[in-house]
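Here is the structure we will look at.
The numbers here are math on the coordinates, done by the rules we state, and not lab data. Because the structure is predicted, anything quoted here is derived from the model rather than measured. Here the Cβ positions follow ideal geometry from the backbone for every residue, glycine too, while neighbour counts run over all protein chains shown.
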Amino acid sequence: MPSAVPVTNRRGVLAGGAALAALGVVVSACGESPPKPPAAEDLLGPLDEARRDSSLAGAAAAAVGNPPQIAAALTVVATQRAAHARALATEIARAAGKLTSSSSETTTSPSPADAAAPPPPAPPLSDVVDSLRTSAESASRLVATSSGYRAGLLGSITASCTAAYQVALVPAGPTP
């Protein structure tokens with residue numbers, strides 16, 4: 001007695017494969033909701049820290065009595081932290097949907113009363129180092145909860161701050 005073997009043709013296999021592919025696309029599209037964009041408020045702390053660090057490092061760089069290599073390193077730190085502040089502000093604006101083609105920073109001009117007041121004393125190097133350490137730790141905590149560009153930005157900030165206070169701002173002492 002001959003057994004009946006079902007005959008499948010090429011058209012049937014292709015039609016079945018196409019149907020399965022379409023079903024897979026429909027199921028995956030219906031199964032997940034779009035990911036929620038991360039909150040921009042998480043970056044406000046690092047933004048404030050970057051601005052504070054830039055200001056502290058700039059004021060310390062202008063202080064008289066720092067060795068030239070430390071003053072130069074402080075100037076670089078101030079510039080880098082200002083760049084971090086701009087990048088964070090841009091990311092906050094992008095996440096909030098308010099990104100424009102040109103970012104602007106508001107600057108205030110000193111009032112005549114401010115010009116007559118003596119400038120505040122320059123912060124000691126230890127204040128700049130402590131502030132950078134705090135900023136690095138803060139950004140490091142946020143890296144763990146971020147992804148994509150934001151995680152890379154925060155990781156870069158962490159590395160930059162850590163390198164600044166552990167390497168660049170270490171006064172050269174006597175070597176044994």
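Things to note:
- Under the simplified labelling scheme, the Ser126-Ser55 pair shows an inter-label distance of 2.2 nm, with each label point 7 Å from Cα along Cα→Cβ.
- Placing unit charges on each Cβ (+1 for Lys and Arg, -1 for Asp and Glu) gives the stretch 48-93 a dipole about its Cα centre, and among Ser54, Thr75, Leu88 the Cα reaching farthest toward its positive end belongs to Thr75.
- Summed residue charge, Cβ within 13 Å of Ala144's Cβ, Lys/Arg positive, Asp/Glu negative: 0
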